[in-house]
1. Along the positive direction of the dipole of segment 248-398 (beta-carbon charges: Lys, Arg +1; Asp, Glu -1; about the Cα centre), which of Ala334, Pro345, Ala270 reaches farthest?
2. For Met215, Met355, what's the fewest-to-most ordering of other Cβ within 10 Å of each Cβ?
3. Any of Lys177/Lys240; Lys214/Lys236; Lys214/Lys240 with alpha carbons more than 20 Å apart? Name them for me.
4. Mind running the shape call on segment 366-416? Use the C-alpha gyration tensor, a ≥ b ≥ c as the square roots of the eigenvalues: rounded below 1.5 for a/c, prolate if a/b tops b/c, oblate otherwise.
5. Just report the Cα centroid separation between segment 352-392 and segment 247-295, whole Å.
6. What does the C-alpha gyration tensor say about the overall shape of segment 103-328? Classify as rounded when a/c is under 1.5, otherwise prolate if a/b is larger than b/c, or oblate.
7. Please state the charge dipole magnitude for segment 103-328, taken about the Cα centre, from unit charges on C-beta atoms (+1 on K and R, -1 on D and E), reported in debye and rounded to the nearest 20.
8. In a shell of Cβ-Cβ distance under 13 Å around Ala183, excluding Ala183 itself, what net charge do Lys and Arg (+1) and Asp and Glu (-1) give?
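Nothing in this text is a laboratory measurement; each read-out follows from the coordinates by a stated rule. In this text the structure is predicted, and so the values were computed from the model without any measurement. Backbone-built Cβ (ideal geometry, glycine too); neighbour counts: all protein chains shown.
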Amino acid sequence: MLLPAEMFHRPERNLCGSTWCGASNRSSGTPKTSIGAARMPPIFPFANPGTTEDFIAQTRCRPIRRDPSCSDDELRRGMALSKTVEPWQIAQALLHPEENETVTHRILAEAPPLLTGLQAPEERQPIEDVLDALFSSPADPDQTWHVYALLDAARSQGLPARLDSSDLAHSCLYDLKDAPQLADGAPWLVELTREAAFTGACFAHDPERDDPRKMLGAGIFLASALPPDAMKRHLKHYTKLSDEAGIAQYFRLQEPGMLDALLCVSDPAAVTKFFQAGMQLVYPRPALEPGLWEFVALTAGRSGTEGAAIPRLDRPARIALALFVNDTRARNLAAEAISAPDARPFAHYVFARMMQAGFDHAPRLLETHRLLCALPEEARTAFWADAESGVFSPRPLLLRYANRYGCLELLDGENV
């Protein structure tokens, strides 16, 4: 069995020996199959909305932002959407279409990270809107509110030692008595205070990854009425989950987006159990604007539906996890490689969809984006059908469509 740090720490590598996490780098050859199925079905069922209303109806959720000046024709081509379909929309609509959405998502802020830590009040930074949301008083004045970070020691070197010197209450979700070697790859729960220097470090980021003390992206945040011991017991239920065969596997709940993916395809009873005591979950993800981060907040109401209280790592969960992993990778590539801000949302969509089909070679993804920008709508529909058929490798497929529509100049390299 893989140790937890090996499962998602480096999603660009196929450490789990399969393609479900979208890391197979199929730049050539015949596409491989996913775990638990002969072939993964098309994951993006909302590729070509006809009108704004069609787009909203198909996704069952309004886009977060949209330029009101763009026409329906521009929307149909996907070039003017200021936000592509979110992974949780796809997961909920595709994998749980018969159920109402049980998890509510909202974007708290899109902001640059802190550089050194929290500044003086007169130097307030946009990211402090996230702290305001986390540290806001609960609706019940009799409740004591607690704010936590769940951090990944595998992504923050020396985390256990820094926690020991932070004067903040903290604990490891793994039992280290019998396996102390897991400490440097384990999830660590720490209760934050608004003024602590460690709290500021949780919202600071080093793009070069040379300073492990800057931990934005190394974990998630939770706000709840549960005290530390109760929160630890609650989260420990999710450190190991069973698959269809009943085999327990480590689950990296501290990885940003992974709990969201799991809860999107969970029974309402499981969602209610996780969000007990007014729980709020917040996780960071890279924005499409280079250097900025978005903070996604999840809440849920209570459900009277009966079902499994603890989710399983079954096939729907694996597909949802792949969606979220590929969404983050596609965001990073779009922000780094696409200079025009208006072009990044469509590029993000193209990259994520190609990655979900199993293709993650960056030059091919960039070529695909250029080509699809030039193709008419009916050609793009046919292209996606071919790309997700499991028959074609990227290069022959790109050459086929570029030659057919006179766009060979958009492709790089030989054989053009």
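1. Looking along the dipole axis, the top candidate is Ala270.
2. Met215, Met355
3. Lys214/Lys236; Lys214/Lys240
4. oblate
5. Each part reduced to its Cα centre gives a spacing of 28 Å.
6. rounded
7. Magnitude of the dipole: close to 640 debye.
8. The answer is -3.
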